[in-house]
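Enquirer: I am attaching a structure below and will ask some questions about it afterwards.
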Amino acid sequence: MKPVKTFSITRFLLIYLLGAVTLVGVINTVTLYYLSTKAIENHLNRELVRATFTFQTFLSNTYAHNQNVNNVKAMLDERTQIAKQFFQQYPALNYLQFDSINSNTFQYQAWNKQGKLVIKSSNAPDFKLSDGTVGLSKLAYNHKSVVVFTVEDEHTGLTIMTGVSNDYTEGLKYHFLENSIYLFLISCPLLMILLWFILEYGLRHIKKVTEEVANRDPHYLEALNLTTVPIEVKPLVDELNKLFLMLRNAFEQDKRFTADAAHELKTPLAGLKTQAQVALKTPDPEKREAALKHLLSGVDRTSHVVQQLLTLSRMKPQRGLEKNWDTDLVKVTSEILIDLAPSAISEDIDLSFQCDLKELLIFGNSASLSILVRNLIDNAIRYTDKNGKVTVEIESKDKQAILRVTDNGPGIPDNLKQRVFERFFRVLGTNKPGSGLGLAIVQQIAQLHDAKIVLSNPKVGHGLIIEVMFPL
């Protein structure tokens, strides 16, 4: 027997579910990071355009009132300082990072038509951020990438360029990714604990089944009585209940078999003992010889009973059959007829075989089928009077292989045709030797082969017809 490999369903589900959730979480994080990156870039581009038009408005007002453009820069710096002071007064708002946003995010430039730099922010370079084409563009310098929005002011004739560095964009992306990773790492242990509790709760019914079977007495073979059974485990419980039922029936049959066998063997054994005692105590040689002949006859009958009992014990339905394959029923029957022909000849019985088929294959066990055929033909010969007739027929009809044994013996009354399959049951008045087990064995073998047995009377005369119908 191969060693059984065991594994924990809880551990298996916990590991693979957590792995699956982790994989899906990583995929979701990467996908969300990619989508959020696009959203951040689009948002900053919109803010860049808004900041550009705000700067343009300041410059237009300055030119309209003939003010120095440097006042715009001073005004922007002043507003930045005011904002810094405001946030210093309210530390609770420091998470907004206003200082870094205003100081490092946007770069401003304004160029006149002569290509002279009119004004720029302190963090902007002295060269043009773009080639002057209106719209969005990109510029790379000092290992940085800057997104630039360019617009021309018709009133002032200035070309205004506003840029935002990718440092700020990458910072937002990194901040988002960092928060996502922290959240994922924190949620993993919580998820593992939740999964463990869920699995333990969900598998508690399996543990109940295990405890019910483990704590059961070996002789207690009643069905498992569980109030709640998971759908996935119900087939297993049903099969266990079927197994318990089969075992209970098997044990009961074994008990009955043992009791019946002891009862049936008690009488012939007592007779053997009596004949042996008579042979020992009788001085008359003729009486001693007669007692010894009765003793040998009793031994033969007892041997036949024992052989039939052993055969019946091997033919129990719950044990099934071994080595099933296509078996030629014609061949098996022919071999049995050859073996039993001397018995028929000794009793002056006409034993005939009628079959138009060279072979007829059925799925079954050849050894068991041989026992079935032998018992049927042997019973027919045994219960047929001298100068009688026994006919064995095989035919294929309606997708069935039919084995038919007909004799012209005394037959069986209709009211006893079902009881003849009971063990040790014999029809009274036959005065023929037997054990009452032949047809019981035939029925057991027929059940193992899903075959049907039909008993009937001949249309003319007396006798018995036994038909065994095997599915093809």
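Enquirer: Sorted by packing (mean other beta-carbon atoms within 10 Å per residue), highest first, where do 147-159, 196-208 land? It would help to have the intermediate numbers written out before the result.
Expert: Working: 147-159: 17.5, 196-208: 13.7.
Taking the mean over residues of other Cβ atoms within 10 Å, the ranking is 147-159, 196-208.
Enquirer: Modelled label-to-label distance, THR274 and ASP131, 7 Å Cα→beta-carbon offset: nm?
Expert: Modelled inter-label distance: 13.1 nm.
Enquirer: Using the structure shown, list the pairs from LYS281/LYS386; LYS120/LYS173; LYS38/LYS113; LYS255/LYS331; LYS331/LYS386 with a Cα-Cα distance above 32 Å, or answer none.
Expert: Numbers: LYS281/LYS386 37 Å; LYS120/LYS173 28 Å; LYS38/LYS113 35 Å; LYS255/LYS331 37 Å; LYS331/LYS386 28 Å.
Too far apart for the 32 Å limit: LYS281/LYS386; LYS38/LYS113; LYS255/LYS331.
Enquirer: Please give the length that would be gained between LEU224 and ASN123 if that part of the chain were fully extended, namely 0.36 nm times their separation in residues minus their C-alpha to C-alpha distance (nm, one decimal).
Expert: Working: separation 101, 0.36 × 101 = 36.36 nm, distance 8.19 nm.
Result for the pair: 28.2 nm of gain on full extension.
Every number here is computed from the coordinates shown, using simple stated rules; none is lab data. Everything numeric here is computed off the predicted structure, so don't read it as measured data. In this analysis, Cβ positions are derived from the backbone assuming ideal geometry, glycine residues included, and neighbour counts consider all displayed protein chains.
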